[in-house]
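Worksheet for the structure shown next.
The values are calculated or read from the model by the stated rules, or taken from the named source; none is laboratory data. Quantities reported herein were computed from a predicted structural model and do not represent experimental measurements. No Cβ is skipped: glycine too gets one built from the backbone with ideal geometry, and neighbour counts run over all protein chains shown. Surface accessibility is based on the protein's heavy atoms, side chains included, excluding ligands, DNA and RNA. Shrake-Rupley method; radii C 1.70, N 1.55, O 1.52, S 1.80 Å.
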Amino acid sequence: MHWKRNGERVLGLLLALVAVPTCGFAATAANDPPPARALLLELCESTRLAGTSGSRIGARMVSRHLEKAGFQVELDEREVLLTYPRRVEFSIYADAWSEAPVRERMECFDPDARPPGDVPKYNAWSASGTVRALVVDAGYGQRADFERLKSLGVDVRGAIALVRYGKCYRGVKVDLAAQNGCAGVLLFDEASSDGSERGPVWPAGAWKPDWEAQRGSISPMGRIPGDPSTPGWPSPKPGQSGARRIAGEDLASSLPRIPCLPIGSREGQMLLARLAEVDVKDSDGNVKPQKIGPGPVQVRLALDMPRELRTIVSVIGRLQGASDDVVIAGAHRDAWVRGANDDGAGTVALLRAAAHLGERARAGERPANTILLGFWDAEEFGLIGSTEWAEANAAWLRERCVAYVNADVGVHGTKFRGATGSPGLFGTLERVLRALPAVPRAAEPQPATLWDEWVEAAGETGPRFSLPGSGSDFAAFVHHLNLPMLEVGFGGAAGGQYHTTFDDFAHVDRYIDPGFVGHEALGRVFDELLTELARAGRSSFDPNEAARELARLARAAGAEVGPGEVGGWLGAERAERLATSFDELANASGPIGSGRFYAALSVEAGVPSRPWYRNPLWTPGLEDGYGSETFPTLRAAAVQGTDELDAELLRMIESVRALRPKD
């Protein structure tokens, strides 16, 4: 059924196996490939979908290399709720009266197969069910798209929404479609996004062929990540008695209620071409027909997506230091298929860092603080492995964790692309980047260090952190435990392999990082960064720096003005009062309390409507998912009214002032 797809993948893999590395920057000898190449090839020998035999194969591989590097290894097994595509049927009909489809496909999946097979195109947590309905073009599936359809008189109730990937988390799109009465959702990428309009498609080039589609979770991670059956508390070990879970309507209400399926751009364009025309006025008042629907084309979805308890395993490596305070770095080991880039890149880079750290330890350079490396399972389903481990170890993590370093798709080329992080760790990262050489460039001006490269790329504004939203394993550490976090990576390459079958070794070897220079460079960055964090301990976090950046963010919030707003949701006067409290903290002469800065500002009751999220300074946007929005408790109060906003502003200012050194 998929002989062409699998044949192309195997051909690409064979070509990669005989390829000669194009750059010797990271090679161990003149003509030897770097260790990262062999690690990725081994990691991608099988698929690694969480809860399957392939994931356990990956866990054994990671454990073996950690032990070889001198780390103590612990397997953290959890019984969690997962969802698989036992059977997927997708059919396109010319109209409501047609009995024979113009296109159809059917795929099945056995999570217990050995060896594990390729994973069909599906969206985790989609509702099961059968529906045949008219199709409507819902743009990117954002609130504005549904409001536009309503203004045009297009009734989406009972229709299947055809939605493009992009602009927000896919789960937000499905949630909004359900709120607007849609019976189902089809998700697709246009060829202009990551397909043939960008360049040659796989295997001739790095871009996505029109038959392939992006898999992905539609879990409600913006409200609460992790195992949906244990919201806010750790999932049990296998066989553990007395486990507490939600079930029935409590569980059903937290998960998607309508079927959702990803499709290729070929199928997406076929549907768009067959939609009914609607008269639409342009900005000049001219009426032009647009193919929006609903209908006359219909789609039938028949999805069997059982939600069942499965065992996942996260691998934890420990390099004991002189202190029991810990620095943690993590990458997710699971993948939608083989996941050579997502997140083979982070997994391999951390394994290379483990080898370097092990060499330091054997040479007598014992870390001042303990270093933990976490290789999380089930991240792709909704950050499950890291969330459940963090919830299970919350008390000692709040007490002992210095910082968390995330490694997710950290290599997409060889140019340092910047960092996401918690204000307060910028100075530490700068020291590390100034000490590391940039990867050599061919026929380009050569920056001396990674810091110089970041300065060059940042332009006039200069290097600056972006705030971590969600969508990766840092979420539990930043938003639930209120710990500082960093994520760094290399870019410069491009491709359309994201969450597809051809995110495999051959694609990385040919297009993402030929010679594996970026993987080796990121491994060295993690080595130096973890070494520096372990050496400096809690003093690696600068609370004065954090306060200065938060003052800047407060003033930026005061300048925000949305559609129809006068003076913005916060306003300049309130923003200045909040910023001044941070300024006073930044200018304080005494000790502020370094590593527990964010913990002291946390709200134990959580952000309104999202009690799991305890970070009042920034949080993922509910209708964004990946990105962040600042001061969520203030935003929620502003919706309630000015009195509520002023009360919450006063509470936040008082909590900031409480951090100031006592006279």
Take the alpha carbon atoms of the stretch 362-474, find their radius of gyration, then divide it by 2.2 N^0.38 Å using N residues; give the quotient. 1.28
What net charge is computed for the residues neighbouring E654, neighbours being all others with C-beta under 12 Å from the C-beta of E654, Lys and Arg scored +1, Asp and Glu -1? +3
Once fully extended, how much extra length lies between E99 and S323, figured as 0.36 nm per residue of separation less the alpha-carbon to alpha-carbon distance? 73.6 nm
May I ask what percent, to the nearest 5, of DSSP beta bridges between residues of the stretch 369-505 are antiparallel? 60
Given charges at Cβ of Lys, Arg, Asp, Glu: the stretch 281-325 dipole, positive-most of V313, G293, S323: G293
For the stretch 450-512, what does the convex hull of the Cα positions come to per residue, in cubic angstrom? 136
Calculate I(q)/I(0) for the stretch 82-188 by the Debye formula, one identical point scatterer on each C-alpha and no solvent, and give its log10 at q = 0.12 Å⁻¹ to two decimals. -0.48
Averaged across orientations, what area in nm² does the convex hull of the alpha carbons in the stretch 273-408 project? 15.1
Simple spin-label estimate for D284/T449, 7 Å along Cα→Cβ, in nm, reads 5.6
Taking only the alpha carbons of the stretch 191-277, what extent do you get along each of the three principal axes, in Å, biggest first? 54, 36, 21
Accessible area per residue of the chain at 1.4 Å probe, in Å²? 38
Rounded to the nearest 5, what is the percent of antiparallel bridges among the DSSP beta bridges in the chain? 65
Which value, in Å³ per residue, describes the convex hull spanned by the Cα atoms of the chain? 174
Return P(r) of the stretch 254-349 (all Cα-Cα pairs; 10 Å bins starting at 0; whole %; ordered from short to long distances). 10, 20, 22, 18, 15, 9, 4, 0
Ranking request for peptides 469-477, 299-307: highest mean number of other beta-carbon atoms within 10 Å first, then the rest in descending order. 469-477, 299-307
Which translational diffusion coefficient, to the nearest whole µm²/s, is obtained for the stretch 548-654 from the Stokes-Einstein equation, given a Kirkwood hydrodynamic radius over C-alpha pairs, 4 °C and 1.567 mPa s? 90
Contour minus Cα-Cα distance for E573 and E399 (0.36 nm per residue): 59.0 nm
Of all the Cα-Cα pairs you can form in the stretch 321-397, what percent are over 14 Å apart? 67
Write down the Kirkwood hydrodynamic radius of the stretch 123-232, to one decimal in angstroms, obtained as one divided by the mean of 1/r over all alpha carbon pairs. 15.3
Evaluated at 4 °C with a viscosity of 1.567 mPa s, what Stokes-Einstein diffusion coefficient in µm²/s does the stretch 434-555 have when Rh comes from the Kirkwood expression over alpha-carbon pairs? 75
The stretch 46-128 - Rg and Dmax from Cα coordinates, angstrom: 19.0, 67
When the convex hull of the Cα atoms of the stretch 494-620 is projected onto a plane and the area is averaged over all directions, what value comes out in nm²? 12.9
May I ask you to give the percent of accessible area on the chain that is carbon plus sulfur, with a probe radius of 1.4 Å? 51
Quick one: in the stretch 607-663, what % of C-alpha pairs are over 18 Å apart? 39
Between the stretch 72-92 and the stretch 232-283, what is the separation of their alpha carbon centroids in Å? 15
Once both labels are modelled 7 Å past Cα along the beta-carbon direction, what's the Q179-R157 spacing in nm? 1.8
For A494 and R535, FRET efficiency with R0 = 45 Å and r from the beta-carbon atoms, rounded to 0.05? 0.75
Is there a quick way to get the dipole size of the chain? I mean about its Cα centre, with the Cβ of Lys and Arg at +1 and of Asp and Glu at -1; what is the value in debye to the nearest 20? 780
Defining a contact as two alpha carbons under 8 Å apart and six or more residues distant in sequence, what relative contact order in percent does the stretch 336-495 show? 34
In nm, to one decimal, how far is the modelled label at A243 from the one at A144, with both set 7 Å along Cα→Cβ? 4.4
Restrict the search to the stretch 24-106; then list the GluC sites (Glu not before Pro) that DSSP places in a loop and that have at most 10 other Cβ atoms within 10 Å of their Cβ. E99
Extension length gain for D32 and E560 (0.36 nm per residue less Cα distance), in nm, is 184.7 nm
Run through every distinct alpha carbon pair of the stretch 112-158 and return the Kirkwood hydrodynamic radius in angstroms, one decimal place. 14.1
